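The values are calculated or read from the model by the stated rules, or taken from the named source; none is laboratory data. Just so we're clear, the structure is a prediction, and the values are computed from it rather than from any experiment. Here the Cβ positions follow ideal geometry from the backbone for every residue, glycine too, while neighbour counts run over all protein chains shown. For the accessible areas, the whole protein counts, side chains as well, though only heavy atoms, and no ligand, DNA or RNA atoms are used. Shrake-Rupley method; radii C 1.70, N 1.55, O 1.52, S 1.80 Å.
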Amino acid sequence: MPSRDITEDRHDADPRPRDITDMSSDSAPQPDKAHGGHDNRPPHLAHHFETPKQQFESGKLGMWLFLATEILMFGGLFCAYAIYRGNHQDVFLYGYGALDKMWGATNTVVLLASSLTMAWAVRAAQKGQQKLLIAMLVATFMGGVGFMGIKAVEYKAKYDHNLFPGQQFNAFYYESGKPKYPEKLAHAIEYIDGRNAGRGGASHGTDGQGGEHSDAAPAPGEGQVLQGAGHQQAEADAQAPAAVIVTASFAPPADVTNLAPPASPADAGVLDSAIDHAGVVQTPHAGHTQILWEDLSQTERGKVHIFFEIYFLMTGLHGLHVLIGMGLIGWLILKARARTFGKEYFTPVDVIGLYWHLVDLIWIFLFPLLYLIH
Amino acid sequence: MSVIQDPVNSGVYSGQDQPGGTNYINHSKGVMSWLLTLDHKRIGLMYMVSVLSAFALGGTFAIILRTMLFTHSSPENPISDSGQELYNQMFTLHGAVLVFMFIIPAVPAILGNMILPLMLGAKDVAFPRLNLLSWYCYIVGGLFFLFVLLSGGLDTGWTFYTPYSTSTSTSVAAATLGAFVLGFSSILTGLNFIATIHMLRPPGMGWFQLPLFLWALYATSLIQVLATPVLAITLLLLLAEKVLHIGIFDPALGGDPVLFQHFFWFYSHPAVYIMILPAMGIISELISTFSRRHIFGYSFIAFSSIAIALLGFLVWGHHMYTSGQSGMANAVFSLITFSVAIPSAIKIFNWLATMYKGSISLATPMLYALAFIWLFTIGGLTGVFLGSLALNIHAHDTYFVVAHFHYVMVGSMMTAFLGGMYYWWPKMFGKMYNEPVAKVAWFLIFAGFNLTFFIQFIAGSQGMPRRYADYLPEYAFFHKFSTVGSYVLAAGLVLVLLNWIHALLKGKKAPQNPWGSNTLEWHTSSPPPHENFAETPTVSDPYVMGAWDYDESIDGYVHNPQKAQELAQQGHH
Ligand SMILES: [Cu+2]
């Protein structure tokens, strides 16, 4: 069909029978073009396409299909998330306490801004504004840098508190009903309980200040104030609340036991869910649920690490996509500096833009699901 | 179906070579001209060599395991532990290699790559670079499996069920990575085909003038694009479970092993249709061509492909009736499973109706098509048996299941693939094969296949469990019989290979159109030139073959423009 000037209607070829006279002119052979007389073809038009428009639309369709595969791939993880979230509510309510809402929100803003600059870059490419294009691509790239930087800070905090994925790095592993790393566990519980206690206080108007930015355990006394009356923890030594719970729920090594004797033998049993602690766990205000280690049943305690695995798989796979996107945008910057793009040819900017928006979109789902649940 | 396009013929289809005699095979020379080629036909050939190598490897494993099953243990002669381990490795590698490296890629990656752009009168697929990348993904995935083979093997079965797969010491991680990379190869092919069929159709070829092979490839590609990513994430999760012990599937760590089964079958049931749909597309072409009749019920066949693809996403639970999922889930999955039989039967009936009163020629491709109908009917109907809850509980994990899916995945898919290979062989290589030898090989394959697998239905219904290295003496007859059958099947396949090699080396020169079919790939020389068509082919109803006259001197068909015009005019009324 090289002889045919192919326009948009080509792709929706009329299913009705064609008029013969119509066709005869279409199919008049023009052998010089049939063998790929590429002379008057735009330089970016691949040999197997007839028009730049066809090539552009193919590229876009290809990218949309690729994005469909991405959505399904992440869909598997979202599905895993939904199943564990549905089956182990309290585990998620407990585990998310380790995440930092402020960093998450900041990253959301950073990514949204980079989506804006990306869209702007596409427009600049379409209009042939070379300098603006490069500026916007660089801004988008920097958005990626910012996002990954913040992610690195967050991951570092998880690593420091033994909340990393993997048996060696996560404090919440159990082995035949006993914690694998009692000391690490005590520390991690202290960390998360402190933050969760803070969050529970959110309904009192402090909005979780206690937990948000500190890697340290809550200051003595703070926990007491925020945890509310009637809570076991409030009576315990605020400096070692975790140790209390550890001892209460399973037999730790002797040294841990010595640190803090059991606060209440009643806690050693299976405390199934927040319901068992009605009035203790559920703060009556604003629907916030405050889950502490002692509120988790024995089975659920063994599953807390899965929250972190899912968190890391989801944000890790997403982060990998951000990195790939940054690589692609870096490539676009190089190409744009060589003045490759213009009104006639901007397909790569456009389709990589689509990809970047999807990466942004996935984060828009990840952020509330992981950071804002309650 | 409303038919018919442009009758006016612009080119002269003489069956003669291109001027200068160059074609895509000798267009450029040197290893690099192949390894860096963007030509869909060369990529198809590279796929052919690699996929057939995998087929030979997986087939060898099959013969080894059947040979091991020829005998069973007795108190005097017990089966050794190492023997059992070897058996576990053999049936696992047999399944994994053949599923991921032969059955899934064979038709789309070899014949689809080769033929799809030609059928569209296009110069290439939409994304030639991705096409080449998909081949490299295939090779890398294959290297992972090779590594598995040399580094402790794999004994999980091709399904990688947890928790065994996360606790065995065999190379699950490498196999998982291999399947992951192979998945990308499959995704890239599917993505490319969808974009190509959307964007590169020639003027005058609407959706309902597409050859049915392309409808089938389109439906297949939808599954490849929509289901494979779920396998990818499943395998990543499995890998994370294996390496980091994340605990999502491992009950010892708080995970849920049945979740793995859900994830796995969400891909792997649709994958069955990745295997069978393109095969059905081939059969539609073969039945029409060799009955010399217009395909019957074009739009029914076209839509049934899409229906199978979509329904295929909703039936995965039929692999898990005994996993403890709820009775309600079982019933729903069973019902939807039954419903897949409807579009499948639509195809069968339309093929039979096409043959009715046709002028049937029993050339080798047609013999394979007939074998397909036979084998697929058995495979499909036993699938309905297994879809019913009560029988499934009885037959679950028995040889009945083994026989069923071999009838579909091997009997049907493989015969369609071989039929397609024979059908397009003259186009791909410009050489004819030896017809009598091809027919003998066909007979050995058809007979050998049925000997091997039909008796497994009986063994299974008598309670012979699958995946066992040993069995009770009462099953000895079934196993011995089946093993002998597999040797016949293997002999037939070796004969096919010899037949093909002979055709390449000594085959008679093929005419442009040895079969008289009217799809566009027959409107160019055999083999086609580098850019596919010297002259722009004219689109017309792919199943109206009247414009092709038989020419004895070239033992092939020659296009008659006059007749084409007349036929097109008739088509208007
Ligand atoms: Cu199935």
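Report in % the part of the accessible area of chain B that belongs to carbon and sulfur, leaving out ligands and nucleic acids; probe 1.4 Å.
Values: 13550 of 19210 Å².
Percent of accessible area from carbon and sulfur atoms in chain B: 71.
Averaged over peptide B:191-200, how many Cβ atoms belonging to another chain are found within 10 Å of each residue's Cβ?
Numbers: counts 8, 3, 0, 5, 10, 4, 0, 7, 12, 9.
The per-residue average across the peptide is 6.
Which residues of region B:225-254 show a drop of at least 30 Å² in accessible area when all protein chains are present, compared with their chain alone (probe radius 1.4 Å, heavy atoms only, ligands and nucleic acids excluded)?
B:Val225, B:Leu226, B:Pro229, B:Ile233, B:Leu237, B:Leu244, B:His245, B:Ile246, B:Ile248, B:Leu253, B:Gly254
What is the packing order of peptides B:196-208, B:513-525, A:68-80, taking the mean over residues of other C-beta atoms within 10 Å and listing the highest first?
Descending packing order for the listed peptides: B:513-525, B:196-208, A:68-80.
Give me, ordered by chain and number, the residues 5 or more places off B:Tyr557 or on other chains with an amide H under 5 Å from its own placed amide H.
Close amide H contacts, sequence-distant or interchain: B:Asn513, B:Trp515, B:Gly516, B:Asp551.
Take the alpha-carbon positions of region B:39-510, form their convex hull, and give its projected area averaged over all directions (one quarter of the hull surface) in nm². Walk me through the numbers before you get to the answer.
On the way: hull surface 88.1 nm².
Taking a quarter of the hull surface, the average projection is 22.0 nm².
Ordered by packing density, taken as the mean number of other Cβ atoms within 10 Å over each peptide's residues, highest first, how do A:106-115, B:494-503 rank?
A:106-115, B:494-503
Could I have the simple spin-label model distance between A:Met102 and B:Thr60, label points 7 Å from Cα toward Cβ, reported in nm to one decimal?
6.4 nm
Using amide H atoms built 1.01 Å from N in the peptide plane, name the residues 5+ places from A:Tyr174, or on other chains, whose amide H lies under 5 Å from its own.
A:Lys180
For the Cα atoms of chain B, what angle does the longest principal axis make with the long axis of helix B:128-150, in degrees from 0 to 90, nearest 10?
30 degrees
Within a Cβ distance under 9 Å of B:Lys508, other residues only, what is the Lys/Arg minus Asp/Glu net charge?
Cβ neighbours under 9 Å give a net charge of +2.
Return the average number of partner chain Cβ atoms within 10 angstrom of each residue Cβ along peptide A:161-172.
Mean inter-chain Cβ contacts per residue within 10 Å come to 2.
Mind checking how much accessible area B and A bury in total, 1.4 Å probe, in Å² rounded to 100?
About 4800 Å² of accessible surface is lost on pairing.
For the ranges B:165-177, B:71-83, what's the packing order if you count other beta-carbon atoms within 10 Å of each residue, average per peptide, and put the highest first? Intermediate results must be reported in sequence, preceding the final value.
Numbers: B:165-177: 20.5, B:71-83: 11.0.
Most protected by this proxy first, the peptides run B:165-177, B:71-83.
Could you state the angle between the C-alpha long axis of helix B:364-387 and the longest principal axis of the C-alpha atoms of chain B, as a value from 0 to 90 degrees rounded to the nearest 10?
That helix lies at roughly 40 degrees to the long axis.
Output ³J(HN,Hα) for region B:406-413: one whole-Hz value per residue in order, computed from phi by the Karplus curve 6.51 cos²θ - 1.76 cosθ + 1.60 with θ = phi - 60°, and x for Gly and Pro.
Karplus values, whole Hz, x for Gly and Pro: 6, 4, 7, 6, 9, x, 6, 4.
For region B:308-363, run through the chymotrypsin sites (Phe, Trp or Tyr not before Pro) and keep only the ones in DSSP coil with at most 16 other Cβ atoms within 10 Å of their Cβ.
Here the sparse-neighbourhood loop sites are B:Tyr356.
Amide H neighbours of A:Gln290 under 5 Å, counting only residues 5+ apart in sequence or on other chains, H built in-plane at 1.01 Å?
A:Thr283
Ordered by residue, what ³J(HN,Hα) values in Hz, to whole numbers, does region B:24-38 give under the Karplus form 6.51 cos²θ - 1.76 cosθ + 1.60, where θ = phi - 60° and Gly and Pro are x?
Karplus values, whole Hz, x for Gly and Pro: 5, 6, 9, 4, 9, 10, x, 4, 5, 5, 8, 5, 10, 5, 10.
Which parts of region B:532-564, residue by residue, lose 50 Å² or more of accessible area when the rest of the protein chains are there, as against the chain isolated (1.4 Å probe)?
Residues shielded by partner chains are B:Thr536.
For chain B, what is the accessible area per residue in Å², given a 1.4 Å probe and the full set of protein chains?
34 Å²
What are the ³J(HN,Hα) values, in whole Hz, obtained from phi via the Karplus relation 6.51 cos²θ - 1.76 cosθ + 1.60 with θ = phi - 60°, for each residue of region A:147-153 in sequence order, with x given for Gly and Pro?
Using θ = phi - 60°, the values come out as 4, 5, x, 5, 4, 4, 4 Hz.
Report the relative contact order of chain B, percent, no decimals, based on alpha-carbon pairs under 8 angstrom and at least 6 residues apart. Walk me through the numbers on the way to the answer.
Numbers: 1006 pairs, mean separation 120.2, N = 573.
Across chain B, relative contact order equals 21 percent.
Averaged over peptide A:313-325, how many Cβ atoms belonging to another chain are found within 10 Å of each residue's Cβ?
1
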